[in-house]
Amino acid sequence: IHRQTMAWIFDEYSKFHGHSPAVVTGKPIDLGGSLGRDAATGRGVMYATEALLAEYGKSISGSTFVIQGFGNVGSWAAQLIHEKGGKVIALGDVSGTIRNKAGIDVPALMKHRNEGGQLKDFHGAEVMDASELLVHECDVLLPCALGGVLNRENAPDVKAKFIIEAANHPTDPEADEILTKKGVVVLPDIYANAGGVIVSYFEWVQNIQGFMWEEEKVNMELHKYMNSAFQ
Ligand SMILES: NC(=O)C1=CN([C@@H]2O[C@H](COP(=O)(O)OP(=O)(O)OC[C@H]3O[C@@H](n4cnc5c(N)ncnc54)[C@H](O)[C@@H]3O)[C@@H](O)[C@H]2O)C=CC1
Ligand SMILES: O=C(O)CCC(=O)C(=O)O
């Protein structure tokens, strides 16, 4: 979502119908947007990953992660997984693909990116070929960029044990079949990336109540919804 665009829609609608913040979500905070919305999809991805791994007696801490995409979803997922003790061993976006067996220092990478740096120029990792990212050795693969990236060409070579569909439809139907046969567990996008739309719902709820939640409350409610949906 693009907050400026949502503000334009809200403004145009309100011109004809009076001040109506609840008609559109993803608004800037000072126009009635929700705290926590920026991080919400990545945070939901982290909660979904936690819930799935727990089913298999595993946890984020002690697991290795490969992440495609370092935009809104990928960068928040990477930061939150890193905070939970997960090791992000390879990561890529349009500006480069990098790996570090010992785990990438995600806060340092965020700083590098926020200062305008490209992934390929980050000092805390080595550059690798982009085509190797999705088939890199790891416990958990998080495609957080585009649809259709896992297909019959690369699915047979996937080494991850778990795939969290953080992007929309990253796994095409042929890949789905191949991965299932290989015993790879794929957590579907409709659940895994629902954090954004859930917090957009919270934004609507806050708008109609005329009451703003604290960020902690937003995150706690998001956790509750993600966990109960998983069950
Ligand atoms: N932002 C949100 O709240 C939600 C996003 N999604 C989905 O998640 C995905 C990512 O969305 P955002 O993070 O918001 O987008 P974004 O535009 O912020 O980030 C996209 C990232 O993917 C990278 N990328 C693009 N092409 C690539 C390629 N060929 N190889 C490697 N990396 C590539 C970009 O460099 C960037 O880091 C999309 O599929 C979107 O539909 C789904 C639900 C909610
Ligand atoms: O904000 C929302 O309601 C959903 C966002 C979403 O699905 C997206 O950005 O792709």
- Work through the residues other than Cys144 whose Cβ is under 11 Å from its Cβ and net out their charges, Lys, Arg +1 and Asp, Glu -1. -3
- Query: What is the gain in length, in nm to one decimal, between Ala102 and Val205 on full extension, counting 0.36 nm per residue of separation less the C-alpha to C-alpha distance?
  - Reply: 32.8 nm
- Under the Debye formula (equal points on every Cα, no solvent term), log10 I(q)/I(0) of the chain at q = 0.11 Å⁻¹: -0.58
- Task: Return the subset of Lys159/Lys217; Lys120/Lys224; Lys87/Lys120 for which the Cα-Cα distance in this structure is over 31 Å, preserving the input order.
- Result: Lys159/Lys217; Lys120/Lys224
- Based on DSSP H runs of at least 4 residues, each adding -39500 (n - 2.57), what is the mean residue ellipticity at 222 nm of the chain after dividing by all its residues, to the nearest 500 deg cm²/dmol? -13500 deg cm²/dmol
- Message: Charges at C-beta only: +1 for Lys and Arg, -1 for Asp and Glu. How large is the resulting dipole of region 40-191 about its Cα centre, in Debye rounded to 20?
- Response: 400 debye
- Query: aspartates and glutamates within cross-link reach of Lys182: Cα-Cα under 20 Å, excluding same-chain residues under 8 positions apart?
  - Reply: Glu55, Glu132, Glu137, Asp139, Glu153, Asp157, Glu165, Asp172, Glu174
- Note on the structure: Expected max-MSF residue from Glu115, Glu221, Glu50 in the GNM of the chain (alpha carbon, under 10 Å) is Glu115
- When the charge dipole of the chain is computed with +1 at the Cβ of Lys and Arg and -1 at the Cβ of Asp and Glu, the Cα pointing farthest to the positive end, of Val205, Val218, Leu179, is that of Val218
- Note on the structure: To the nearest Å², the heavy-atom accessible area per residue of the chain with 1.4 Å probe amounts to 50 Å²
- Query: Stretched out fully, how many nm does the piece from Ala54 to Leu146 gain, at 0.36 nm a residue minus the Cα gap?
  - Reply: 30.4 nm
- Go through region 120-214 and name the trypsin sites (Lys or Arg not before Pro) that are in a DSSP coil and have 14 or fewer other Cβ atoms within 10 Å of their Cβ. Arg152, Lys159
- Message: I'm a student and want to see the number: the projected area of the Cα convex hull of region 19-124, averaged over all directions, in nm².
- Response: 8.2 nm²
- Message: Suppose R0 equals 22 Å. What FRET efficiency, 1/(1 + (r/R0)^6) with r the Cβ-Cβ distance, do Lys224 and Asn168 give to the nearest 0.05?
- Response: 0.40
- Under a point spin-label approximation (7 Å from Cα along Cα-to-Cβ), what is the Val94-Val185 distance to one decimal in nm? 3.4 nm
- Query: Once region 70-193 is represented by equal point scatterers at the alpha-carbon sites, with solvent omitted, what log10 I(q)/I(0) does the Debye formula produce at q = 0.12, 0.14, 0.17 Å⁻¹?
  - Reply: -0.41, -0.57, -0.84
- Query: Length gain on complete extension for the stretch Glu216 to Asn72, per 0.36 nm per residue less the alpha carbon to alpha carbon distance?
  - Reply: 49.9 nm
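The values are calculated or read from the model by the stated rules, or taken from the named source; none is laboratory data. As the structure is a prediction and not an experimental result, all values here were calculated from the model. Note that we place each Cβ from the backbone using ideal geometry, even for glycine, and neighbour counts take in every protein chain shown. Quick note on the areas: whole protein, heavy atoms, side chains included, nothing else; ligands and nucleic acids left out. Shrake-Rupley method; radii C 1.70, N 1.55, O 1.52, S 1.80 Å.
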